[in-house]
Amino acid sequence: DVKVTQSSRYLVKRTGEKVFLECVQDMDHENMFWYRQDPGLGLRLIYFSYDVKMKEKGDIPEGYSVSREKKERFSLILESASTNQTSMYLCATLDRLLDEQYFGPGTRLTVT
Amino acid sequence: GESVGLHLPTLSVQEGDNSIINCAYSNSASDYFIWYKQESGKGPQFIIDIRSNMDKRQGQRVTVLLNKTVKHLSLQIAATQPGDSAVYFCAENSGGSNYKLTFGKGTLLTVNP
């Protein structure tokens, strides 16, 4: 079974803090994704990566950056957290042979 | 169907009934469609997919129908069970090999015993 883990299930941070959300996968997938999920808006793509040190902006990259130093780890960084970044953050990988995405359990971030 | 507001569309069915969840997609160039199930407190889980050269695909207890003429996708769940209670949402891939998905906002399915 593919396993996608996220470092925290719940996180509370203050406005202006730098926040790191970590995602680790154990299936050697090249493609990894970061989404945020908000009520009424569904999942929106923040950034994705198709290889180590490669990254592409998604639909809503503003206020975020990412890091992919190793194939198994894809980090989402909030340089200076703001209250409008309070959300559920979901990491996913892609099995290109099956064309199936596998999601982590999510990190619910609250910025106060 | 999918909602653009803050309230999730809901579907309530009796255990054993069939459920039909609908989705309208936006991009006529999308070539690949997926249905996901998301249970409370968990990440989305792949259910079934369909490519644009097909109009129907069946899985175990689930069937996806694609109508490209009206850009409509549906998920049919046969003999719905309490364990099927979850939010279901569709996704379309308009990015080709880049796999860039656009997700619908979801429908909450509640199965009454």
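Derivation of every value follows stated rules applied to the coordinates shown; laboratory data play no part. Everything quoted here is computed from the prediction, not taken from an experiment. FYI the Cβ positions are ideal-geometry reconstructions off the backbone, even for glycines, and counts take in every protein chain you see.
Enumerate the strands (runs of 3 or more DSSP E) found wholly within the stretch A:9-71, keeping only those where 1 or more residues are away from every other protein chain (no Cβ under 14 Å) and under 14 Å from residue A:111 (Cβ atoms).
Working: elements: A:10-13, A:19-25, A:31-38, A:42-51, A:54-57, A:64-70.
Fully inside the stretch A:9-71 and qualifying: A:10-13, A:19-25, A:64-70.
Looking only at the stretch A:75-112, how many residues end up being of a type in the set (A, V, I, L, M, F, W, C), in contact with a Phe, Trp or Tyr (Cβ under 7 Å, 6 or more places away or on another chain) and surrounded by 19 or more Cβ atoms within 10 Å (Cβ to Cβ)? It would help to see each step written out before you state the result.
Our first condition is that a residue be of a type in the set (A, V, I, L, M, F, W, C); within the stretch A:75-112, this holds for A:76-78, A:81, A:88, A:90-92, A:94, A:97-98, A:103, A:109, A:111.
From the residues that got through so far, the ones that are in contact with a Phe, Trp or Tyr (Cβ under 7 Å, 6 or more places away or on another chain) too are A:76-78, A:90-92, A:94, A:109.
Next, only the ones that are surrounded by 19 or more Cβ atoms within 10 Å (Cβ to Cβ) stay: A:76, A:78, A:90-92, A:94, A:109.
Matching residues across the stretch A:75-112 total 7.
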Test: residue A:20 is within 11 Å of the chain's Cα centre (by Cα), in contact (Cβ under 8 Å) with a residue 12 or more places away in the chain and surrounded by fewer than 18 Cβ atoms within 10 Å (Cβ to Cβ):
yes
Could you list, in sequence order, all residues of the stretch B:86-113 that are touching a residue at least 24 places away in the same chain (Cβ under 8 Å), surrounded by fewer than 18 Cβ atoms within 10 Å (Cβ to Cβ) and either part of a loop (DSSP other than H, G, I, E, B) or among the small types (Gly, Ala, Ser) (or both)?
B:94, B:96, B:113
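Inspect the stretch B:67-80 for any residue being within 30 Å of residue A:6 (Cα to Cα), of a type in the set (S, T, N, Q) and not in a strand (DSSP E or B) and give the result as yes or no.
Taking the stretch B:67-80 first, the residues within 30 Å of residue A:6 (Cα to Cα) are B:75.
Adding the requirement that they be of a type in the set (S, T, N, Q) leaves none.
No - not one qualifying residue is present in the stretch B:67-80.
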Just the residues that are more than 8 Å from chain A (Cβ to nearest Cβ) and not polar (S, T, N, Q), please, taken from the stretch B:92-112.
B:92, B:95, B:96, B:108, B:109, B:111
